[in-house]
Each structure stands twice: as C-alpha cells, then as structure tokens.
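Nothing in this text is a laboratory measurement; each read-out follows from the coordinates by a stated rule. Since this is a predicted model, take the numbers as computed values, not measurements. Note: ideal-geometry Cβ built from the backbone for every residue, glycine included; neighbour counts use all protein chains shown.
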Amino acid sequence: MRHLAALTALLAADDARMAALSAVRALALRDGWIGAGFVRDAIWDRLHGRPPMLPGGDVDVLWHDPSRADAVVDRAWERALRGRLPGYDWSVKNQARMHARNGDAPYADVAAAMRAWPETATAVAVRLEADGAIGVNAPLGLDDLFAPVLRPTPHFAAEKRAIFDERVATKRWLVRYPLLRIEASGSIES
C-alpha cells in the first residue's frame, strides 16, 4: 500500500498519538483501532507544515464485537481510557451497532464500517500491535489522504452526498487545510 511507511513513521514520531495507541491497545478490544481525525489530521497537519498535535475534536476508537454492541459498553471503555489518558476526548464506538444508526446492512468488521464513512481520507484507522508495530486499516487506500483530496466514498457520492457536503462545510476543512481539493466523484483510484 502506497504511503504506508510515511504514515507509520509520522505516527511513531508523535509521542501523544503513540500514548493514545498504547492506551487503546491495553484494552484489548476486538478489532480495535483509532481512526478518523486522529490519523487524517496528523497527515494533513504535516502536509501543511504544522507540528504534530492531537485533533481538535475527539479521539475515535473503533472496535467490532456483535456480542457487546450495547452503547453502555462503549461508555465504560471511554471511562477506562480517560483514567489512562485524561487529557484526551475519547469517543468509543462498537461498529457492530453503527449500521443501524446509518441505515446500512450490518458491518462485518471495522474495515467494512469505514467503507461506509463519508470521506475516503477519513476512512483510515491505526493500532499498536503486540510487537509494537503500527498496524494500518485503510480499506479505501491512503492516496486521497496524502494527496490531499476530499472525496466522498462510493456510499456518499450520490444519495448521501448532502451529508458529505455538510461535513466539509461544518468542519471547515478547506479553511483549516487550504491545500485540500474536493473531488466530486465517489470513485477511488488505487
């Protein structure tokens, strides 16, 4: 996968992100990852010449376990993470239940859930493996993240396009990251 070495090197050099990855690894979540802005903002900040900093919003922890899909379980994981790293705004979501909120068929795993997210560049997650290596889960690739391009996933290119457009406007990505460009199609180049 193109850009894999650059992504893992950038994250490995970021003490704050490595601390977050370590905290999540300690939970031993089934199919557990940190994704979305945690990864996206690290790359976009770097491409814009900014020093490493945590995303301004929450730290999205993703996992998948159909046998523990109650939101109460996620809240317990958030409390555990706040106990480990209280300065982070933790948001834990078991992707085994998120399909219902999104009006989709059940997701088989975290990668399937990310394929149904609004933007390709956001559909990237990472985790700290048992051997200390950084694992990367990027079912739509890393090209748009590094381009940097805002492109709707195929899921949001047509019937859910208004949601994609609203996210671009409310998150002010084009203001925060002026090198970004929007690609209208939902087709993904690999």
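Can you tell me the Rg and Dmax of the chain, counting just the alpha carbons, in angstroms?
Both quantities, over Cα of the chain: 15.8, 43 Å.
Would you mind ranking L27, L62 by Cβ crowding within 10 Å, fewest neighbours first?
L27, L62
Return the distance in nm (one decimal) between the two label points of a simple spin-label model at A76 and V175, each offset 7 Å from Cα along Cα→Cβ.
My value for the distance between the label points is 4.1 nm.
With r defined as the distance between the Cβ atoms of I163 and A133 and R0 fixed at 35 Å, what FRET efficiency is calculated, to the nearest 0.05?
Calculated value: 0.50.
Can you figure out the FRET efficiency of R50 with S22, using R₀ = 25 Å and their beta-carbon distance, to the nearest 0.05?
My answer for the efficiency is 0.60.
Restricting to the stretch 4-140, what percent of DSSP beta bridges are antiparallel, rounded to 5?
65 percent
Taking the Cα centre of the chain as the origin, how large is its charge dipole in debye, to the nearest 20, when only Lys and Arg (+1) and Asp and Glu (-1) carry charge on their Cβ atoms?
I would put it at about 320 debye.
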